[in-house]
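The values are calculated or read from the model by the stated rules, or taken from the named source; none is laboratory data. These numbers were taken from a predicted model, which means no experiment stands behind them. In this analysis, Cβ positions are derived from the backbone assuming ideal geometry, glycine residues included, and neighbour counts consider all displayed protein chains.
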Amino acid sequence: MSAPVRNTVIGVVVLMLVGLIASWFLSSFEKGSEEITLPPYGEPTYNALYALRETLIRDGSKAESRRQLDLPAMQLQPGDTVLLLDDPRQLTPSQVEDLLDWVQFGGHLLLRAPDADEDLDGNEQGLLERLGVLTSDATARCQIWQVEGQPSHDEFCSGSRFTLADKARAERRWADTGGDDTLAYARLRYGLGRVDVLGSMDFLLNGEGAHDTGLRDIAHRDLTRLLLAPNYGKGTTHLIYAMEMPSLWKTLFQRGWPVWVPLLLALLAWLWMRCQRFGALLPSPREDRRSLLEHVRASGEHLHRYGKSALLYDAVRQAFLARLRRRAPVAAALTGDAQAQAIADHLQWPIARVQTALQIPPSQDDIALRERIRLLIQMRNQL
């Protein structure tokens with residue numbers, strides 16, 4: 001088969017395979033679309049009232065969000081509305097006094113009833129106590145909210161319940177369906193203004209999924225419009241979404257991990273590189289020895305190992321003779337057997353023993369060497 005024919009056959013086979021794959025793909029799959037709700041990012045991740053603010057702005061009202069209650073910066077006017085999302089018991093006495101003065105001249109304040117807490121309740125100067133609102137530990141029950149043309153909704157299923165003291169001037173109240181005296185919602189008159197107390201504000205928050213629709217639900221928007229009715233469209237709506245600043249360490253742990261995790265790994269790697277390696281145990285280095293006796297013993301072992309034993313015997317014999325010249329100079333002046341006899345008489349030893357000690361031992365006889373050195377040392381010590 002020639003090259004052009006072979007190339008043509010290969011091209012036809014490739015085109016057939018491509019056609020078969022394309023036909024299988026088109027018959028097995030079809031184009032479709034699916035809506036996926038992406039997780040929030042940016043301001044909605046930390047501002048739970050972001051959707052409410054944007055809804056009010058699109059409806060033509062003026063709305064502002066703040067993390068903390070800053071009364072000097074807010075410059076509240078009689079037609080304004082303030083919504084506090086967090087526990088109102090965290091307000092300072094001066095803030096409580098300023099808020100009540102503002103409400104008395106036409107302001108509208110919305111509060112969330114907190115859970116009962118013995119450590120926080122009972123403050124006579126607190127905002128709730130001044131309004132006659134008493135916290136309760138009763139269990140929350142769902143309240144039915146019906147909008148015409150819409151299915152019924154269950155609201156205030158979570159959160160807290162509260163009661164009102166005798167001094168409270170309730171304009172509107174929503175009692176719990178459990179049969180007790182607790183309330184899920186109440187609107188109080190205070191001077192020319194109003195204060196709305198809610199057991200829960202979940203329906204005002206940003207919706208985060210299919211089950212948590214937030215203000216996308218018509219019933220939630222209708223209920224929100226009812227709550228904001230006193231000053232709706234008159235002034236500015238101030239939304240305070242976090243009076244208590246989040247912990248710095250908690251924020252760093254939750255949101256700063258892309259930075260501190262690599263830094264922690266780098267620190268651990270540096271410590272691993274710099275740490276001391278522990279291998280097999282090694283003997284401790286021998287310390288320098290300066291004992292004269294050890295040097296003498298080492299020198300003697302060296303001479304004996306290399307056949308110089310005669311030098312060891314001669315050194316001991318010379319030491320004996322040096323003391324003999326000091327202690328018995330007459331015997332030291334003699335030589336031969338006369339000297340041996342004089343030493344034996346002085347020491348009162350047998351002459352044969354003295355003659356043995358004064359004779360040079362054979363070079364390979366270690367026993368004789370040790371015996372003669374021992375005798376010379378004894379004779380030297382007895383002089």
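What number of residues within the stretch 174-212 satisfy the criterion of being part of a strand (DSSP E or B) and modelled with pLDDT of 85 or more? Lay out the reasoning, then the answer.
Of all residues in the stretch 174-212, those part of a strand (DSSP E or B) come to 174-175, 183-190, 193-198.
Restricting the remaining residues to those that are modelled with pLDDT of 85 or more gives 174, 183-190, 193-198.
Residues flagged as part of a strand (DSSP E or B) and modelled with pLDDT of 85 or more within the stretch 174-212 amount to 15.
Within the stretch 157-173, restricting attention to residues that are assigned to a loop (DSSP other than H, G, I, E, B) and over 46 Å from the mean Cα position of the chain (by Cα), which residue is surrounded by the most Cβ atoms within 10 Å (Cβ to Cβ)? Lay out the reasoning, then the answer.
First pass over the stretch 157-173, keeping only residues assigned to a loop (DSSP other than H, G, I, E, B): 157-160, 165-169.
Now restrict to residues that are over 46 Å from the mean Cα position of the chain (by Cα): 165-169.
Details: A165: 11, D166: 5, K167: 8, A168: 18, R169: 14.
Step by step, filter the stretch 157-173, then rank; the result is A168.
Counting only helices (runs of 4 or more DSSP H) that sit completely within the stretch 226-315, zero hold 1 or more residues that are touching an Asp or Glu at 6+ places or on another chain (Cβ under 7 Å) and in the same structural domain as S65 (by TED's automatic domain parsing).
Between a first residue in the stretch 172-198 that is not assigned by TED's automatic domain parsing to the domain that holds L128 and a second residue that is surrounded by 14 or more Cβ atoms within 10 Å (Cβ to Cβ), which pairs have beta carbons less than 8 Å apart while being 6 or more apart in sequence or on different chains? Within 8 Å, no pair qualifies.
The C-beta contact set for the stretch 294-306 (first residue under 13 Å from L369 (Cβ atoms), second residue surrounded by 11 or more Cβ atoms within 10 Å (Cβ to Cβ) and polar (S, T, N, Q), distance under 8 angstrom, 6+ apart or interchain) comprises L303/S309.
Can you tell me which residue is nearest to V96 (Cα to Cα) among those in the stretch 41-71 that are in a strand (DSSP E or B) and in contact with a helix residue (DSSP H, G or I) (Cβ under 7 Å, 6 or more places away or on another chain)? Explain how you work it out, then say what you get.
Looking only at the stretch 41-71, we keep the residues that are in a strand (DSSP E or B), and these are 62-66.
Going one step further and asking which of them are in contact with a helix residue (DSSP H, G or I) (Cβ under 7 Å, 6 or more places away or on another chain), we end up with 63, 65.
Values: A63: 22, S65: 20 Å.
Looking at residues that are in a strand (DSSP E or B) and in contact with a helix residue (DSSP H, G or I) (Cβ under 7 Å, 6 or more places away or on another chain), I get S65.
Answer yes if at least one residue in the stretch 101-111 is touching a Ser or Thr at 6+ places or on another chain (Cβ under 6 Å), closer than 27 Å to T236 by Cβ and surrounded by 20 or more Cβ atoms within 10 Å (Cβ to Cβ), and no otherwise. Yes - at least one qualifying residue is present in the stretch 101-111. In the stretch 13-37, the residue that is nearest to the chain's Cα centre (by Cα) out of those that are surrounded by 10 or more Cβ atoms within 10 Å (Cβ to Cβ) and among the β-branched types (V, I, T) is I21.
Is it the case, given these coordinates, that Q364 is free of Cβ contacts under 8 Å to residues at least 40 places away in the same chain and at positive phi? Quick ask: steps written out before the conclusion?
Values: free of Cβ contacts under 8 Å to residues at least 40 places away in the same chain: yes; at positive phi: no.
For Q364, the condition - free of Cβ contacts under 8 Å to residues at least 40 places away in the same chain and at positive phi - is not met.
For the stretch 124-163, give me each residue that is among the polar types (S, T, N, Q) and either touching a Lys or Arg at 6+ places or on another chain (Cβ under 7 Å) or outside the structural domain of D202 (by TED's automatic domain parsing) (or both). Don't jump to the end; show me each part of the working.
Just the residues of the stretch 124-163 that are among the polar types (S, T, N, Q), to begin with: 125, 135-136, 139, 143, 146, 150, 152, 158, 160, 163.
The one that is among the polar types (S, T, N, Q) and either touching a Lys or Arg at 6+ places or on another chain (Cβ under 7 Å) or outside the structural domain of D202 (by TED's automatic domain parsing) (or both): S136.
Of the residues making up the stretch 139-171, those that are within 22 Å of I218 (Cα to Cα), free of Cβ contacts under 8 Å to residues at least 60 places away in the same chain and charged (D, E, K, R) are R141, E148, D154.
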